[in-house]
Every structure is written in C-alpha cells, then in structure tokens.
Amino acid sequence: MRVVRAYAPASLANFAVGFDIIGAAIQGMGDEVTLEKAEDGVKITSISGDATIPMNPEKNTAGKALLEFIELNNLEYGFNMSIKKGIPLASGLGGSAASAVAATIAADRLSGLKLSKETLLRISLSGELISSGSVHTDNVAPSLYGGITVSLKDKNQNYIIQKIPSLTSLKMVMIHPHLEISTKEARDILRQDVPLNLHVQQSMNLAAFIISVYTAQIDLLKKTFDDLIIEPQRASLIPDFSQIKSVCQNSGAIGCSISGAGPTMFAVCDNAEVTQKIESSLKELKTSVKLDVWTTNIDTIGARILEVKS
Ligand code: HSE
C-alpha cells in the first residue's frame, strides 16, 4: 500500500468530574491525516483547515508522533504527511491529540506493524507533550479508543485505558467561544494543592459518574455532575462563563462545564427538547465573544482509517 488516510475525532476532556482522567470522543468534528512512505524522516507537505500549526515536524503534534513511531520501530523509511484540521486550535476540543492519533494509526497501517492500542497511545502522547507541556491522556485516549474513556496508571506508571458505557441517550451541546486558550497556560494557573474536603466531594462525584454510566442512572448523574476543583479556577478565562452555564442549567441540562482546558464549554443533556432549548436560548444571549453552538453525540468508534490506496 502507498497512501493511507486516517481520521481521529475531537474530544471533550475531564468531563467535569475527572480532571486528566475522563474523556469522551465526540461525533462530527475531527482531524484527518494523509500519509505516504518517504525515504526518511518526516515531512509535512500541507496543512489545511481552520488552524495555523507548525510545519516543522518537531513542533507539530502529528509530526512528533511520527518521529517517535519511526524511532521506536527502527523504521528504515520515513513519511510525507498532509494534515486537514477540522478542530479549531486551542479550543479545548483535543485538536493536538486528534492529529497525533490520526498520524499514528495511519503509520501503523502503512507499516503493517499492527501495534497494540497501548503502544499507539504512547506514541500519540509524545505529541501532546509539545503542545501542552505535560502528558495527559484524557484527549488522546478517547480520540483513539472512542467512547468515554477512563485513563488510569498502574503502580509502575503504565497506562491503563478503560472504555466505559457511553449512555447512548446522552447528547452534548458544545459551546465554542471564538477565542483561544493555551492548555499550558490553563494548567499553569491551577494550584497544586487541593483542600481535603474538596478532594473527598470530587472523588464522590467521580465515583457517582462511573456508577451512573454503568447503571444508566441519569438522576444520580444530575445530582452529582459538578467540578468543584478545576472549573472554579478556570471559569474566569472564559468570557460570560456564568451566564452561559446558567442558560444551560435553567434549560434543564444534566450539567455544564468546561471541555478540557477551554474555552469550549459543554452541556450534557438527555433529550433533544433540552438541547434545542439551550441552542435557542444561547442564540438570544448577548455575549462579548461570538459563540458557535451545536449539538453532538459521543463518537463510540474513535480513530479510523478512511482510505487505503495501493
Ligand atoms: N485534562 C487536560 C486539562 C485536558 O484540563 O488541562 C486538556 O485538553
């Protein structure tokens, strides 16, 4: 085979209750990568779509993942890559992760190596380090595996990714204010210590989330869907945060919070009446920054190969 085209979906990290742990892939938005074998190294031949990202592979998350792929597998060839960005930059929708994941699965198919998901995850994560200055798995994991994922590490710091039920009834209203927030900066403002009472309540909320999705208890989710630790520290980065959240809550959302490091926000809902009400109420809301608002579902498939040409 000569050319492989791959897609990886956008993702919503943290899911309010699981900072750096829970993530969900979302339908209808993602990045595409087309890869062909080259003599050596990695060359980014084109980048199209709604984002300005570096052409230098060392500074590009997908490029970095491919360099890691070549080194880890001692490949005697390289790759030419073109990237089609469908995810806005620094939006909190996991764009850097999606490009890296799409590049990694394309390289895996092109090389015929059929690496394990865990290895593909590790390779994709090498891109995340350059984009946010830290390795967090809650965008790469859902983008690669699909669905809602829980990212864990064992006692030896090996990653364990667990896909959990997606509660197919859940719908997400995504609210994207037209501004960029650097993940690194949104992480740098976080305090490093957490009061014990908040830690306990947030652990309860995380436990309740996992129980809710396994037992399809929407009521339990509604009563406990609250980020007590990260959201209060990041809310001020997003203009009109409280008004937007109030609209979602008053319209009957299960909950509303920040997608990843923001500025995108999301409202979790369990029926189309509520999502429509949120969409129409947000259209009426006067905000200082333009909002894109749309409703989507969880993408249970995750990264996939779109085309193989020989
Ligand atoms: N868990 C990460 C954060 C996700 O919130 O900083 C960044 O997309």
Please list, in order along the range 54-62, the HN-Hα scalar couplings obtained from phi with the Karplus expression 6.51 cos²θ - 1.76 cosθ + 1.60 (θ = phi - 60°), rounded to whole Hz, x for Gly and Pro.
x, 7, 6, x, 5, 10, 10, 4, 6
If you count, for each residue, the other Cβ atoms within 10 Å and average over each peptide, how do 250-256, 232-238, 3-9 line up from highest to lowest?
3-9, 250-256, 232-238
So, with a 1.4 angstrom probe, what is the percent of accessible area on the range 1-149 that is carbon and sulfur?
47
Working from Cα positions, state the angle (0 to 90°, nearest 10) between the long axis of helix 95-111 and the longest principal axis of the chain.
30
Cα centroid separation - the range 274-288 against the range 17-72, whole Å:
33
For Asp299, other-chain or 5+-apart residues with amide H closer than 5 Å (H placed, Pro excluded) are Ala25, Ile26, Gln27, Gly147
First check a/c for the range 171-296, with a ≥ b ≥ c the square roots of the eigenvalues of its C-alpha gyration tensor; if it is under 1.5, answer rounded, and if not, answer prolate when a/b is larger than b/c or oblate otherwise.
oblate
Expected sort for 23-31, 178-186 on mean C-beta neighbours within 10 Å, highest first, is 23-31, 178-186
Specify the angular offset, from 0 to 90 degrees and rounded to the nearest 10, of the alpha carbon long axis of helix 241-250 from the longest principal axis of the alpha carbons in the chain.
70
Which of the pairs Lys223/Lys277; Lys184/Lys245; Lys59/Lys153 have their Cα atoms more than 29 Å apart in this structure?
none
Here the gain from full extension of Ile218 to Ile189, 0.36 nm per residue of separation minus their alpha-carbon distance, amounts to 7.2 nm
With a 1.4 Å probe and every protein chain left in place, work out the accessible area per residue of the chain in Å², rounded to a whole number.
44
Please give the residues of the range 7-35, grouped as numeric ranges, whose backbone N is less than 12 Å from a label point set 7 Å along the Cα-to-Cβ vector of Arg304.
7-9, 27-28
Heavy-atom accessible surface of the range 171-296: percent carbon and sulfur, 1.4 Å
52
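The values are calculated or read from the model by the stated rules, or taken from the named source; none is laboratory data. As the structure is a computational prediction, the values presented were derived from the model and not from experiment. Cβ coordinates were reconstructed from backbone atoms using ideal geometry, including for glycine residues, and neighbour counts include every protein chain displayed. Note: accessible area is taken over every heavy atom of the protein model, side chains too, but ligands, DNA and RNA are not part of it. Shrake-Rupley method; radii C 1.70, N 1.55, O 1.52, S 1.80 Å.
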